[in-house]
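The values are calculated or read from the model by the stated rules, or taken from the named source; none is laboratory data. Since the structure is predicted, the reported quantities are computational estimates derived from the model, not experimental observations. Glycine also receives a Cβ, built like all others from the backbone with ideal geometry; neighbour counts cover every protein chain displayed. Side chains included, ligands, DNA and RNA excluded: accessible areas come from the protein's heavy atoms. Shrake-Rupley method; radii C 1.70, N 1.55, O 1.52, S 1.80 Å.
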Amino acid sequence: MYRVPFVEERKMDVPGKKDAHLSVLQRMAFAEKMAKLGYWELDTKAKRFYWSAEMYRIFGIPEERNDGKKNLFRDYILPEDLPIYKERLIDLLRHHKPVAGEIRIRRISGQIVYCKFTAGINGRRIAGTFQNISSWVRQRQLMKEAREKAENANREKTWFLAQASHDLRQPLQALQLFTHALQSSDPTPEQMPIIQKIDASVDNFRTLLDNLLDISRADSRQILPKTESFNLSELLSALCDEYKIVAAQKNIDIRCRFSSVWILSDRFLLERILRNLLSNAVKYTKGRIILSCRENEKHIIIRVIDDGIGIRQEEIERVFDEFYQSSAIPENRSHGAGLGLSIVKKLTTMLQGKISVRSTPGEYTVFNLYLPHKI
């Protein structure tokens, strides 16, 4: 039985004229060693095995242990992994298509080595490779552990947000009652602006808590869509009437364009999405908002358009990120924490829909909400 001779690394530093005497087989042996990739071959007619030098290094056994007739795989592959290897070879013999897999071997020293193997067939010869992937497997395990730690940390963050949001609601509601009591207690002209600012701050605080609670519930999957069939145009009409009152106080014109459309979805979640989109439009528009709805064979498409400051192209992909606020709008910091659109994205995904945005800075912004007819 012929074996590829071992080539020492010092002889193969930089191939050149001094290494011209090295054979192709020696160079292949060196390449195998660098790649930790061994080659084996079985002559099914002669019943003889061939292993390259790297195969012996991977399995940690001396070459003299193999007389060319003994199948060493059975002796060194872990018993619980041996069925995997045999199953792949059966598939190879049955279908004559290359196979591959991952198994573990136990060296004579007792060390466990993770290997990736391949095998193919050509006439009476079955051949394949073994590659030591222990380092890669260790890295994969470390990445898995890191991901699990990150997921645990995220769950803890979600739980904290939910608890904090819930616990802060009671004093916040009490604060709202106090401001309402002050407004109805005949305050002086000097006191009224201060009370109004306090009330506005409380309202912003309440919105932030609602958004934090929505984010935590969505991340922890506590929100599950409850589907029902309802007339979407009725919901749109109610929201349009409500926001027209709010918009009129700011000299904003809201126009609604939709006809009767029925949908099978979660009414509450859809209303939450639309409220966030409309509130966002009211916040940034110059004076006009359009709420429209149409349908095609695949989707119901709800569109919210405003003629506001717009979104720069480099920010389009980030507007749905949590806590993201455009640096081009300094007053953003006084209007919330940048959670509204991230909630829109999460809830839209729950409803098996899609949300997109296009904008021209200084001219308009269009949010397109694509919803299936039923979920």
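Spin-label point model (7 Å from Cα, Cβ direction): what's the GLU242 to ARG275 distance in nm?
Result for the modelled spin labels: 0.5 nm.
Taking region 86-133, which trypsin sites (Lys or Arg not before Pro) meet the DSSP loop condition and have no more than 11 other C-beta atoms within 10 Å?
On the way: sites: LYS86, ARG88, ARG94, ARG104, ARG106, ARG107, LYS116, ARG124, ARG125; in loops: ARG107, ARG124.
Here the trypsin sites (Lys or Arg not before Pro) that fit, given the DSSP loop and packing criteria, are ARG124.
Amide H neighbours of GLU295 under 5 Å, at least 5 residues apart or on other chains, H built in the peptide plane: list them.
When sequence neighbours closer than 5 places are left aside, the close amide H contacts are ILE301.
Give a residue-ordered list of calculated ³J(HN,Hα) values for region 191-196 (Karplus: 6.51 cos²θ - 1.76 cosθ + 1.60, θ = phi - 60°; whole Hz; x for Gly, Pro).
7, 4, x, 5, 4, 5
Per-residue HN-Hα couplings for region 33-46, Karplus 6.51 cos²θ - 1.76 cosθ + 1.60 at θ = phi - 60°, whole Hz, x for Gly and Pro?
Result, rounded to whole Hz: 5, 5, 8, 6, 10, x, 10, 9, 8, 10, 8, 5, 7, 7.
Output ³J(HN,Hα) for region 282-299: one whole-Hz value per residue in order, computed from phi by the Karplus curve 6.51 cos²θ - 1.76 cosθ + 1.60 with θ = phi - 60°, and x for Gly and Pro.
Ordered by residue, 3J(HN,Hα) equals 4, 5, 10, 6, 8, x, 9, 10, 10, 10, 9, 8, 8, 9, 10, 5, 9, 9 Hz.
Quick check: residue separation of GLU363 and LYS250 times 0.36 nm, minus the Cα distance between them. What number comes out in nm? Could the numbers behind the result be given before it?
Working: separation 113, 0.36 × 113 = 40.68 nm, distance 1.88 nm.
Gain on stretching GLU363 to LYS250: 38.8 nm.
What spacing in nm lies between the two simple spin-label points modelled at ASN71 and GLN141, each 7 Å away from Cα in the Cβ direction?
According to this spin-label approximation, the distance is 2.9 nm.
Can you list residues from other chains, or at least 5 along the same chain, whose modelled amide H is less than 5 Å from the amide H of TRP262?
Under 5 Å from the amide H of TRP262 lie the amide H atoms of LEU232, each far enough along the sequence or on another chain.
Label region 61-205 by shape, choosing from rounded, prolate and oblate, from the square roots a ≥ b ≥ c of the eigenvalues of the Cα gyration tensor; if a/c is under 1.5 it is rounded, and otherwise prolate applies when a/b is larger than b/c, oblate when it is not. Show your work: numbers first, answer last.
On the way: a/c = 6.59, a/b = 4.47, b/c = 1.48.
Prolate shape, in that a/c is at least 1.5 and a/b is the bigger ratio.
Let me check something: with ligands and nucleic acids excluded, how do LEU93, LEU371 order by accessible area (1.4 Å probe), largest to smallest? Please report the intermediate quantities before stating the final value.
Details: LEU93 100, LEU371 0 Å².
I get LEU93, LEU371, largest accessible area first.
Label-point separation (nm) for ASP167 and GLN196, each offset 7 Å from Cα along Cα-to-Cβ?
Here the modelled spin labels are 3.6 nm apart.
Which cross-chain or sequence-distant (5 or more) residues have an amide H under 5 Å from the amide H of HIS373, H modelled 1.01 Å from N in plane?
ILE300
Identify all lysines with a Cα-Cα distance to LYS197 below 26 Å; exclude those on the same chain that are fewer than 8 residues away in sequence.
Straight-line reach from LYS197, under 26 Å: LYS244, LYS250, LYS283, LYS286.
So, R0 is 35 Å and r is the distance between the beta-carbons of SER185 and GLU151; what FRET efficiency does that work out to, to 0.05? Could you put the intermediate results ahead of the total?
Values: r = 51 Å, r/R0 = 1.46.
Approximately 0.10, to the nearest 0.05.
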